[in-house]
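Asks: Let me begin by handing over the structure; questions about it come next.
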Amino acid sequence: MKKVLMPLAIVLLLCLIPYVAVRYAGQSYLFGVIVPYAAAALFVSGVLFRLFDWLRRPVPFRITTTAGQEKTLDWIPYSRLDSPATPMQAWVRVLLEVFLFRSLFRNNKAELREGPGFTFASSKWLWLGGLAFHWSLLVIGLRHARFFFVELPGFIVPVEVADRFLDLTLPAFYLTDAVVLAAATFLFVRRLRDAKLRIISLPTDYFPLFLIGAIAVAGVLMRYVTKADIMTIKALTMGFSEMSFEPPGDIAPVFYVHLFLVSVLAVYFPFSKLMHMGAIFLSPTRNLCNNSRQKRHVNPWNRAVKFRTYAEYEDDYREKMKKAGLPVEKE
Amino acid sequence: MSNRISAILALLIAGAMFVAALLFMQSVHGASSALRAAAPVAVARQVPIDSTRCIASTVYMKSHHMQLLNQWRHDSVRKGNRAHVTSDGRRFDKSLNTCLGCHASNPMFCFMCHEYANVKPTCWNCHISPMEATR
């Protein structure tokens with residue numbers, strides 16, 4: 001239980017810090033300007049560091065994970081997606097993984113049942129929950145463009161309109177706000193419910209869930225319940241996109257909680273499991289094509305070895321071999 | 001085979017849910033019109049009003065006007081209660097047109113902010129907008 005409660009306590013503390021500091025100590029410049037810029041700088045440099053660190057590791061061999069027939073003879077059909085033969089096919093596979101989580105779709109569950117019973121079945125819940133969670137986060141992220149642009153980029157408008165089509169409440173209710181909270185709750189409960197998962201889950205699995213959940217709750221509160229002044233907030237965020245250091249206007253503390261948690265997330269991101277966002281594009285088991293049979297891949301850090309072929313060997317020792325009665329290939 | 005059965009089942013369930021939703025909406029609708037018939041529409045008393053102050057503090061209006069409008073819409077359309085009394089005792093009709101009564105001098109009043117904040121309320125699809133009101 002401690003590994004669940006600790007991250008929860010940390011997140012609650014993180015909510016409290018900006019609230020108290022802004023509300024009672026007037027630290028709005030610190031939490032509205034300095035912390036976000038510092039977090040953005042750490043985020044960008046951290047992510048770049050991790051990516052370059054991965055990019056500079058050599059990948060001498062094809063270690064593609066495959067789940068289908070490899071390309072061999074022309075008349076044997078092969079699986080373009082699950083055993084890609086060209087870089088293009090491999091990238092299509094990466095993109096489908098990123099957008100549809102194909103590997104999670106294959107998820108299985110194995111369970112011991114009461115009495116001597118064992119079930120082995122397909123389990124789609126993680127796939128569905130993960131998909132709902134990530135897609136909502138993407139849509140929510142895109143929607144936030146309204147704070148950083150004078151005019152919304154064209155392709156975001158239909159996303160926004162679709163998201164609010166239910167036209168409940170004022171300001172209009174966004175579907176993804178509910179979906180992301182439901183999905184985060186599901187992903188959390190999923191870890192608690194199953195004994196096996198409970199054991200392998202670490203505090204670092206719970207912390208990002210709680211953090212993202214808290215960010216969403218603060219955002220929802222600010223939009224539908226306690227309201228913060230969007231005009232002043234937009235003045236601040238437009239300042240961010242112009243790199244200005246103007247002090248923020250009078251904004252409700254809940255906004256600073258939201259912003260501070262996002263800053264924490266940004267700083268935490270490069271150094272945690274959240275880097276799977278960049279890693280998925282760079283993992284050699286997915287972005288390499290399986291063409292070891294068509295193309296010879298030479299390990300670049302092999303020492304240069306002087307090879308000697310059998311033919312050369314025989315040329316040198318042919319007479320001696322004949323004398324000893326050994327068979328030779330060339331007379 | 002089992003695939004086809006589950007497809008048929010899914011269709012049946014979807015159909016049942018659709019019918020249930022229809023029935024639900026029907027019943028809710030019936031209830032609200034019954035309520036409307038019961039509650040006489042309270043009309044705001046016409047008294048000269050002080051138009052130098054908004055119906056709530058400016059700071060509050062700035063961030064909460066949509067919640068207030070939502071409340072007004074609910075009260076007048078669903079409950080038939082159209083009279084709004086401000087904290088300083090002025091009376092207003094709970095209607096979008098009330099806002100325009102004071103804010104019509106600047107036809108861009110609602111739009112300036114919304115343009116800046118990238119919000120597009122759907123209200124003007126049906127209601128008269130400040131731009132049309134001043135024309």
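What follows draws every value from the coordinates through simple rules; no lab data is involved. In this text, all values refer to a predicted model and were calculated from it rather than measured experimentally. Reconstructed Cβ throughout: ideal geometry from the backbone, glycine too, with neighbour counts over all protein chains shown.
Asks: What are the ³J(HN,Hα) couplings of segment A:122-128, residue after residue, when phi is run through the Karplus curve with 6.51, -1.76, 1.60 and θ = phi - 60°? Round to Hz, x for glycine and proline.
Replies: Rounded to whole hertz, the list is 6, 10, 9, 5, 4, 4, 5.
Asks: Something else about it: P(r) for segment A:1-114, please, calculated from all Cα pair distances in 10 Å bins and given in %.
Replies: Going from the shortest bin to the longest, the percentages are 10, 18, 22, 21, 17, 9, 2, 0.
Asks: Let me ask another. Name the residue, out of A:Tyr224, A:Tyr24, A:Tyr268, whose mean-square fluctuation peaks in a Gaussian network model built on chain A with Cα pairs under 10 Å.
Replies: Top of the fluctuation ranking is A:Tyr24.
Asks: Dividing the alpha-carbon Rg of segment A:98-205 by 2.2 N^0.38 Å yields what? Please list the in-between numbers first.
Replies: Working: Rg = 18.4 Å, N = 108, 2.2 N^0.38 = 13.0 Å.
Taking N as the residue count of segment A:98-205, the ratio is 1.41.
Asks: Quick one: 3J(HN,Hα) in Hz for segment A:173-178, Karplus 6.51/-1.76/1.60 with θ = phi - 60°, rounded, Gly and Pro as x.
Replies: Those phi angles translate into 6, 9, 3, 5, 4, 6 Hz.
Asks: Would you compute the Debye intensity of segment A:213-331 from its alpha-carbon atoms alone, equal scatterers and no solvent, and pass along log10 I(q)/I(0) at q = 0.14, 0.21 Å⁻¹ to two decimals?
Replies: -0.86, -1.20
Asks: Hey, what does the equivalent ellipsoid look like for segment A:187-260, semi-axes from the Cα gyration tensor as sqrt of 5 times each eigenvalue, largest first, whole Å?
Replies: On the way: eigenvalues 248, 41, 12 Å².
Whole-Å semi-axes of the equivalent ellipsoid: 35, 14, 8.
Asks: Please check: in the Gaussian network model of chain A (C-alpha springs, under 10 Å), which one of A:Trp75, A:Trp125, A:Trp135 has the largest mean-square fluctuation.
Replies: A:Trp75
Asks: Take the Cα gyration tensor of segment A:2-323, multiply each eigenvalue by 5, square-root it, and list the three semi-axes largest first, rounded to whole angstrom. Display every interim value, and only then the final one.
Replies: Numbers: eigenvalues 492, 138, 88 Å².
Semi-axes from the Cα gyration tensor: 50, 26, 21 Å.
Asks: Here's something else I'd like to know. For the cross-link pairs A:Lys71/A:Lys196; A:Lys196/A:Lys227; A:Lys71/A:Lys330; B:Lys94/B:Lys120; A:Lys227/A:Lys273; A:Lys227/B:Lys79, which exceed 31 Å when the distance is taken from alpha carbon to alpha carbon?
Replies: Numbers: A:Lys71/A:Lys196 38 Å; A:Lys196/A:Lys227 42 Å; A:Lys71/A:Lys330 38 Å; B:Lys94/B:Lys120 22 Å; A:Lys227/A:Lys273 33 Å; A:Lys227/B:Lys79 25 Å.
Cα-Cα > 31 Å for A:Lys71/A:Lys196; A:Lys196/A:Lys227; A:Lys71/A:Lys330; A:Lys227/A:Lys273; rest within.
Asks: Extent of segment A:103-142 along each principal axis, from alpha carbon coordinates, in Å, largest to smallest?
Replies: 51, 18, 7 Å, listed from the longest principal axis down.
Asks: Tell me which residues come under 5 Å, amide H to amide H, from A:Gln69 once H is placed; ignore anything under 5 positions away on its chain.
Replies: A:Ser79
Asks: Same structure, new question: Would you kindly derive the ³J(HN,Hα) couplings of segment A:33-39 from the backbone phi angles with the Karplus curve 6.51 cos²θ - 1.76 cosθ + 1.60 (θ = phi - 60°), listing them in order in whole Hz, with x for Gly and Pro?
Replies: 10, 5, 4, x, 5, 4, 5
Asks: Of the listed peptides A:318-325, A:169-176, what is their order by residue-averaged count of other C-beta atoms within 10 Å, with the highest listed first?
Replies: A:169-176, A:318-325
Asks: What fraction of the Cα pairs in segment B:38-133, stated in percent, has a spacing above 24 angstrom?
Replies: For segment B:38-133, the share of Cα pairs beyond 24 Å comes to 21 percent.
Asks: For peptide B:110-121, how many partner chain Cβ atoms fall within 10 Å of a residue's Cβ, on average?
Replies: Working: counts 0, 0, 1, 3, 1, 2, 6, 7, 13, 5, 6, 3.
What the average comes to for B:110-121 is 4.
Asks: Which residue, A:Glu312, A:Glu151, A:Glu160, has the most motion in a Gaussian network model of chain A that connects Cα atoms within less than 10 Å?
Replies: So, out of A:Glu312, A:Glu151, A:Glu160, the one fluctuating most is A:Glu312.
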